[in-house]
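These notes are about the structure you will find just below.
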Amino acid sequence: MAQPSTYQQVLDPANRANPYPLYAELRKTPVSREDDGTYVVSTYHEIFALMHDPRVSSDPRCHPGATSAEAGPDREQSALPLAFINRDPPDHDRLRELAMRPFGPPCTPGRVDGMRPWLAEITTSLIDKLADKNQVDIVDDFAYPLPVTAICEILGVPLEDQPRFHQWADAIIETIDPATGTFEERIRKKDVVSAELGQYFAQLADSRATKPGDDLISGLLTDRGPHAPMSRGDLLVTANLLLVAGHETTVNLITNGTLTLLRHPGVIDRLNHEPDLVITMVEELLRYEPPVQMRTNRSTVADIDIGGTTIPGGSPLAVMLAAGNRDPSRFADPDHFVPDRTDNAHLSFFGGIHYCFGAPLARTETQLALSELARRLVNPRLVTDPPPYRPNPELRGPRHLLVEYDAVLPARHEAGKAASLR
């Protein structure tokens with residue numbers, strides 16, 4: 001039997017706890033070709049170039065494996081349309097602009113900042129619930145409920161419906177894992193779950209059409225600006241996208257951040273004495289332990305010469321963001337966690353026209369979450385290191401993170417103090 005390639009070893013769940021030595025091996029060949037025709041790109045400057053290259057497509061209909069009806073030209077007639085992150089210009093640009101208007105700058109620049117006091121209250125209440133315990137699963141008891149509550153609030157999902165979203169989100173995340181089946185099989189499974197979510201959001205949109213609120217779905221329905229209104233199908237798939245993208249990556253970022261802090265207890269002490277350190281620290285976490293390790297949903301639509309290799313048009317790509325984030329040709333001392341690193345143009349939110357839609361919200365949630373955990377948990381320590389990881393190599397994070405502690409300090413009485421971080 002042939003020895004598995006380095007890339008295949010990265011996909012192997014047995015290497016999930018520490019894939020970084022494998023990424024270092026990948027970087028020795030900046031652009032390599034797998035037996036199935038996938039081109040693996042693993043160095044910083046080559047990844048950065050691809051992010052901004054119009055010859056790279058995000059549309060699965062351009063993917064070499066897109067031969068079934070699920071991914072073919074007739075797909076939109078039988079299922080929800082593609083989300084804007086899976087489209088190319090000009091459709092991508094039009095739909096992203098419509099989605100951004102009720103969510104962030106320049107049209108609604110204060111939405112995320114305006115949520116800080118509320119997010120601080122949610123963070124405080126979650127930690128308050130730990131006061132009568134001496135052990136917590138950071139994933140289930142803290143890192144999951146914070147972002148899912150936030151994205152449901154943004155979308156206008158009623159509180160009583162929020163538990164249903166965990167199962168839906170987990171099912172969709174499985175379809176992103178390149179180790180869980182062929183491209184066509186994953187598209188088919190994703191369509192089934194997306195249809196269920198679409199039915200739910202269709203009912204929610206119907207209620208907001210007659211009684212709009214201050215949520216994002218209402219904003220999309222009532223928008224009268226350029227290119228508006230967004231079609232009902234695009235609205236539903238955008239809501240689906242924000243549900244998954246709006247919480248799963250942040251769960252991993254908060255969990256990876258907690259794990260990293262507990263492995264570097266001196267940083268916890270610094271954070272408690274230098275609260276503004278959280279700003280650069282979160283950026284360093286994004287570089288050092290990114291929640292999105294790679295992107296495998298890209299393909300070339302024309303030949304691209306990069307890293308001494310010609311990638312032919314029509315080739316699938318595996319863009320190894322986590323490998324690029326530790327490229328010594330770009331970052332000094334890349335395998336060390338440096339919480340006050342300033343030269344930190346990491347790749348974790350991708351770049352170009354596909355820069356992460358929810359980056360401001362993810363930063364805010366993680367800054368608040370890690371600051372309060374560091375301040376309020378007395379003598380926290382890991383129960384198991386390394387913890388058990390989810391099998392997905394693309395969205396990498398622990399499935400559970402058990403932490404013991406001696407006590408929980410009371411919340412601050414100064415209203416909004418935790419929300420003052422920028």
(message) If the elastic network links every pair of Cα atoms under 10 Å, which of T123, T182, T296 fluctuates the most in the Gaussian network model of the chain?
(response) T182
(message) Under 10 Å, Cα contacts only: if you run a Gaussian network model on the chain, which one of V244, V292, V383 comes out with the highest mean-square fluctuation?
(response) V383
(request) Compare the peptides 108-117, 232-241 by average per-residue count of other Cβ atoms within 10 angstrom and give them in order, highest first. (result) 232-241, 108-117
(message) Give me the three principal axis extents of the range 1-160 from the C-alpha atoms, as integers in angstrom, largest value leading.
(response) 54, 44, 34
(message) How large is the Rg to Rh ratio of the range 184-287 when both quantities use alpha carbon positions and Rh follows Kirkwood?
(response) 1.17
(request) Have a look at H400, H247, H273 and tell me which one the Gaussian network model of the chain (Cα, springs below 10 Å) gives the largest fluctuation. (result) H273
(request) Note down the relative contact order for the range 159-246 as a percent, whole number, built from C-alpha pairs under 8 angstrom at least six residues apart. (result) 27
(request) Using amide H atoms built 1.01 Å from N in the peptide plane, name the residues 5+ places from A318, or on other chains, whose amide H lies under 5 Å from its own. (result) Y39, V40, V41
(request) Calculate I(q)/I(0) for the range 345-392 by the Debye formula, one identical point scatterer on each C-alpha and no solvent, and give its log10 at q = 0.17, 0.26, 0.28 Å⁻¹ to two decimals. (result) -0.83, -0.97, -0.99
(request) Could you tell me whether the chain comes out rounded, prolate or oblate from its Cα gyration tensor? Rule is a ≥ b ≥ c as square roots of the eigenvalues, rounded for a/c under 1.5, then prolate if a/b exceeds b/c, otherwise oblate. (result) oblate
(message) How far apart, in nanometres, would the label points at A332 and T280 be if each is projected 7 angstrom from Cα along the Cα-to-Cβ direction?
(response) 1.1
(request) Could you check the simple spin-label distance between L382 and R33, using points 7 Å along Cα→Cβ, in nm with one decimal? (result) 4.0
(message) Please report, ordered by residue number, every helix of the chain (full DSSP H runs) that is 20 Å or longer along its axis going by C-alpha atoms and whose mean Kyte-Doolittle hydropathy reaches 0.5.
(response) 232-263
(request) For the chain, give the magnitude of the charge dipole about the Cα centre (Cβ charges: +1 Lys/Arg, -1 Asp/Glu; no others), in debye to the nearest 20. (result) 380
(request) Quote the relative contact order of the chain in percent (integer), defining contacts as alpha-carbon pairs under 8 Å separated by 6+ residues. (result) 27
(message) Given bins 5 angstrom wide, list per bin the percent of all Cα-Cα distances in the range 285-422, short to long.
(response) 2, 8, 12, 16, 18, 16, 12, 7, 4, 3, 2, 1, 0
(request) Can you grab the distance from the C-alpha centre of the range 363-392 to the C-alpha centre of the range 243-264, Å, no decimals? (result) 8
(message) Amide H of I304 versus every other amide H placed in the peptide plane: which residues, excluding those fewer than 5 positions away on the same chain, fall under 5 Å?
(response) I311, G313
(request) Before rounding to the nearest 500, sum -39500 (n - 2.57) across all DSSP H runs of length at least 4 in the chain and divide by the residue total; then give [θ] at 222 nm in deg cm²/dmol. (result) -13500 deg cm²/dmol
(message) If I model a spin label as a point 7 Å beyond the Cα along the Cα-Cβ vector, how far apart are those points for S231 and Q199 in nm?
(response) 2.2
(message) Could you tell me how many cubic angstrom of Cα convex hull volume the range 121-237 has per residue?
(response) 137
(request) Would you list the P(r) distribution for the range 261-332, with all Cα-Cα distances sorted into 5 Å bins from 0 and each bin expressed as a whole %? (result) 3, 13, 15, 17, 15, 12, 8, 6, 6, 4, 1
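Readers should treat all values here as calculations from the given coordinates under stated rules, not as data from a laboratory. In this text, all values refer to a predicted model and were calculated from it rather than measured experimentally. Don't worry about glycine lacking a Cβ; one is built from the backbone with ideal geometry, like all the others, and counts go over all protein chains shown.
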